[in-house]
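The values are calculated or read from the model by the stated rules, or taken from the named source; none is laboratory data. Computed from a predicted model, the values in this text were never measured in an experiment. Heads up, the Cβs are rebuilt from the backbone with ideal geometry, glycines too, and the neighbour counts pull from every protein chain shown.
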Amino acid sequence: MIIADRKPLAELLDMIQDCDRILIIGCKGCVTVCNVGGAKEAGILASALKIARKKEGRPLEVDERTLERQCDPEYIEQVKNEVGDYDAVISMACGVGPQFLSRAYPEQRFFPAVNTTSFGGAVQHGVWEERCAGCGQCVIHYFGGMCPIARCSKSLLNGPCGGSAGGKCEISKDVDCIWDMIVRKKTEQGRLEDLLDVKPPKSWDTARDGGPRRSVREELVQ
Amino acid sequence: MSNLKSGSNLEKVLKAGHFAFTGECGPPKGANVEHLKEKVAHLKGVVDAVNVTDNQTAVVRMSSWAAGTIMLQEGVEPNFQMVCRDRNRLAMMSDILGVSAMGIRNMLCLSGDHQRFGNHPQSKNVYDIDSMQLIALVKKMRDEGLFLNDEEIDVPPRLFIGAAANPFAEPHEFRPHRLAKKVEAGADFIQTQCIYNMERFRGFMKRVVDMGIHEKCSILAGVTPMKSVGMAKYMGKMVPGMDVPDELIQRLQGAGKGKVAEEGIRFALEQIQEFQEMEGVAGVHLMAIEWEHRVPEIAERAGMLPRPRV
């Protein structure tokens, strides 16, 4: 799923400082699963903004709404009758949500409530980690089911570099060295020879470097 | 001499069977040419080639190719370093052609320290290709006369290809294999990370020799004399992939006030002595960090002078 972190309250207050009435739109997709932008978090943010503004002596009126998803015009349309009633709208979705909303309602201003970080999953309750960099040409099967592009700080295809120590990456003791894990797994499997050939340079033309990506399923296009 | 790959002094010294001795010089944090010339002057005639670092530890400095050409003018052979952090494949290939055109004949291919360590941690990193692929790229350009996309090069570069190896990084068991990969990719010579744990290095070299890797490339052992106890502790704790045994720290501490640097040099001299006799080691790479003026003395005491003329 897409992982995101909530922006600091001060940043959000700054975005809406000229507003008296706002709408917060949550999303029931990925951001609900990573506990950052669902109905519950929309409620918490609404309370926090109201309390902060009350302290400033400028009360803020806040309504909440949570959509099935914000990456589909079908659901975006569900707020068409109310979106114009506010000074601004805060979207709790990943970076996709406020863009779909902005496109559908050009007169309104939409502010992002979260910083979208990565594609990944939960490794323990309350902790999410990056697993995929969306490079457009999956190669994890060469590396014991682990992605060095997303998970090595240098995206090395022929690691590990000289900074690997104690199973950790040179950039931080909080970051696992994925190449250490790849080598150990291949060694345990008796498949170390898989890592002995030089992997050639990767083509990044399917990644963001090749320009914005578009996926088309011909059978579904009308 | 037509069977030489690059015609560099370092290549000739190694080919003639001499024990190589290389040095290192970090370009200035600025356009201070005089300072660079002053540092380089200490190394002239004392080493076979001088590594010119490429924004080492991700701190911005004068570009390694520019500093390398200044070295050439000063009569010192550069070993041009290039890291994968700051350039994509287009910039790499154009700089490879550029340095060759300027007369630089050695090149060391490195991944590069992550920018998190440096003075611009906000920067975007590149890592379009990795150090292994960079080695193969230089070899392809030199030996096949082709760019990465197989287009022909109008006069290929002539470079003696170097790579780094860190016997102390983990997983230890994989390190000889990774070295073998670099040689397979096209490395002509290897310079290792600074060695302090001699026991581990002996074990590493034994495996390298058993695998026959030393017959396919020239391995230069990395030596950095410790200037102080603080430096030894810092390198052991703060520099990733560096192995500084407690015994060495104790030895330096035991040297007494004002004598630590001399003890550090003595340890380095003992190392160089042992490397000269160690199977598979073809030379020493002396990285005297901001201590260039002490290199002539170290070279003299290590019996490395005069350098062979080839």
Inset, instruction - Could you pull out the residue among A:39, A:4, A:93, A:46 that is more than 17 Å from the chain's Cα centre (by Cα) and within 27 Å of residue A:131 (Cα to Cα)? - result: A:39
Inset, instruction - Could you please find all residues in the range B:47-76 being farther than 27 Å from residue B:148 by Cβ and buried (at least 23 other Cβ atoms within 10 Å of the Cβ)? - result: B:47, B:48, B:50, B:71, B:76
Inset, instruction - Kindly indicate the residue of the range B:81-99 that is surrounded by fewer than 22 Cβ atoms within 10 Å (Cβ to Cβ) and among the polar types (S, T, N, Q) and also farthest from residue B:57 (Cα to Cα) among those meeting that condition. - result: B:94
Legend entry - Residues that are over 20 Å from residue B:15 (Cα atoms) and in contact with a Lys or Arg (Cβ under 7 Å, 6 or more places away or on another chain), drawn from the range B:167-184: B:167, B:168, B:169, B:171, B:176
Inset, instruction - Test residue A:4 against the criterion of being modelled with pLDDT of 95 or more, surrounded by 19 or more Cβ atoms within 10 Å (Cβ to Cβ) and under 21 Å from residue A:118 (Cα atoms), and give yes or no. - result: yes
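Among the residues that make up the range B:167-181, is at least one of them over 29 Å from residue A:190 (Cβ atoms), surrounded by 22 or more Cβ atoms within 10 Å (Cβ to Cβ) and either touching a strand residue (DSSP E or B) at 6+ places or on another chain (Cβ under 8 Å) or at pLDDT 95 or above (or both)?
Here is the first cut: in the range B:167-181, the residues over 29 Å from residue A:190 (Cβ atoms) are none.
Looking for residues that are over 29 Å from residue A:190 (Cβ atoms), surrounded by 22 or more Cβ atoms within 10 Å (Cβ to Cβ) and either touching a strand residue (DSSP E or B) at 6+ places or on another chain (Cβ under 8 Å) or at pLDDT 95 or above (or both), one finds none in the range B:167-181, hence no.
Take residue B:280 and tell me if it is modelled with pLDDT of 95 or more and buried (at least 19 other Cβ atoms within 10 Å of the Cβ). Even if it seems obvious, please write down each step before you answer.
Values: modelled with pLDDT of 95 or more: yes; buried (at least 19 other Cβ atoms within 10 Å of the Cβ): yes.
For residue B:280, the condition - modelled with pLDDT of 95 or more and buried (at least 19 other Cβ atoms within 10 Å of the Cβ) - is met.
Please pick out the residue among B:209, B:138, B:183 that is in a helix (DSSP H, G or I) and over 20 Å from residue A:156 (Cα atoms). Show your work before the answer.
Working: B:138 fails: over 20 Å from residue A:156 (Cα atoms); B:183 fails: over 20 Å from residue A:156 (Cα atoms).
Residue meeting the stated conditions: B:209.
Would you point out which residue out of B:265, B:249 is in a helix (DSSP H, G or I), away from chain A (no Cβ under 14 Å) and more than 30 Å from residue B:11 (Cβ to Cβ)? Even if it seems obvious, please write down each step before you answer.
Details: B:265 fails: more than 30 Å from residue B:11 (Cβ to Cβ).
Result of the check over B:265, B:249: B:249.
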Legend entry - Index of the failed condition, residue A:220 passing every other in (1) more than 8 Å from chain B (Cβ to nearest Cβ); (2) loosely packed, with under 13 Cβ neighbours inside 10 Å; (3) within 23 Å of the chain's Cα centre (by Cα): (3)
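In the range B:270-309, which residue that is of a type in the set (Asp, Glu) and not in a helix (DSSP H, G or I) is farthest from residue B:197 (Cα to Cα)?
Going through the range B:270-309, the residues of a type in the set (Asp, Glu) turn out to be B:270, B:274, B:277, B:279, B:290, B:292, B:297, B:300.
Applying the additional criterion that residues be not in a helix (DSSP H, G or I) yields B:279, B:290.
Details: B:279: 17, B:290: 22 Å.
So the residue we want is B:290.
Residues to consider are B:145, B:112; find the one that is more than 9 Å from chain A (Cβ to nearest Cβ) and small (Gly, Ala, Ser).
Details: B:112 fails: more than 9 Å from chain A (Cβ to nearest Cβ).
The conditions single out B:145.
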Legend entry - Any helices (runs of 4 or more DSSP H) falling wholly within the range A:7-102 and containing at least 3 residues that are of a type in the set (A, V, I, L, M, F, W, C) and closer than 19 Å to residue A:118 by Cβ: A:30-33
Legend entry - Number of the condition not met by residue A:126 [criteria: (1) under 27 Å from residue B:85 (Cβ atoms); (2) within 17 Å of the chain's Cα centre (by Cα)]: (1)
Inset, instruction - Determine whether residue B:190 is in contact with a Cys (Cβ under 6 Å, 6 or more places away or on another chain) and assigned to a helix (DSSP H, G or I). - result: no
Inset, instruction - Sort out which residues of the range B:212-228 are surrounded by fewer than 19 Cβ atoms within 10 Å (Cβ to Cβ) and either in a helix (DSSP H, G or I) or touching a residue at least 24 places away in the same chain (Cβ under 8 Å) (or both), and write them in order of number. - result: B:215, B:216, B:227, B:228
Inset, instruction - For the range A:83-107, enumerate the residues that are without any contact (Cβ under 8 Å) to a residue 60 or more places away in the chain and under 11 Å from residue A:22 (Cα atoms). - result: A:84
Legend entry - Within the range A:128-159, tally of residues that are more than 7 Å from every other protein chain (Cβ to nearest Cβ) and within 19 Å of residue A:197 (Cα to Cα): 14
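Identify, from the list B:168, B:160, the residue that is away from chain A (no Cβ under 14 Å) and either under 18 Å from the mean Cα position of the chain (by Cα) or of a type in the set (S, T, N, Q) (or both). Even if it seems obvious, please write down each step before you answer.
Numbers: B:168 fails: away from chain A (no Cβ under 14 Å).
Within the list B:168, B:160, the selection yields B:160.
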Legend entry - Which numbered condition residue A:177 fails, given (1) in contact with a Leu (Cβ under 7 Å, 6 or more places away or on another chain); (2) closer than 27 Å to residue B:56 by Cβ: (1)
Legend entry - Pair list, Cβ under 7 Å, 6 or more apart: the range B:119-135 residue on the phi > 0 side of the Ramachandran plot and in contact (Cβ under 8 Å) with a residue 12 or more places away in the chain, other residue surrounded by 19 or more Cβ atoms within 10 Å (Cβ to Cβ) and part of a loop (DSSP other than H, G, I, E, B): B:127/A:154; B:127/A:155; B:127/B:84; B:127/B:85
Inset, instruction - For residues that are more than 7 Å from chain B (Cβ to nearest Cβ) and surrounded by 21 or more Cβ atoms within 10 Å (Cβ to Cβ), scanning just the range A:161-203, find the one that is farthest from residue B:239 (Cα to Cα). - result: A:195
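Residue by residue, here is whether (1) of a type outside the set (D, E, K, R); (2) more than 18 Å from residue B:110 (Cβ to Cβ) holds:
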{"residue": "B:153", "(1), (2)": "yes, yes"}
{"residue": "B:169", "(1), (2)": "yes, no"}
{"residue": "B:202", "(1), (2)": "no, yes"}
{"residue": "B:211", "(1), (2)": "yes, yes"}
{"residue": "B:229", "(1), (2)": "yes, yes"}
{"residue": "B:243", "(1), (2)": "no, yes"}
Inset, instruction - For residue A:68, work out the one condition from (1) surrounded by 15 or more Cβ atoms within 10 Å (Cβ to Cβ); (2) in contact with a Lys or Arg (Cβ under 6 Å, 6 or more places away or on another chain) it doesn't fulfil. - result: (1)
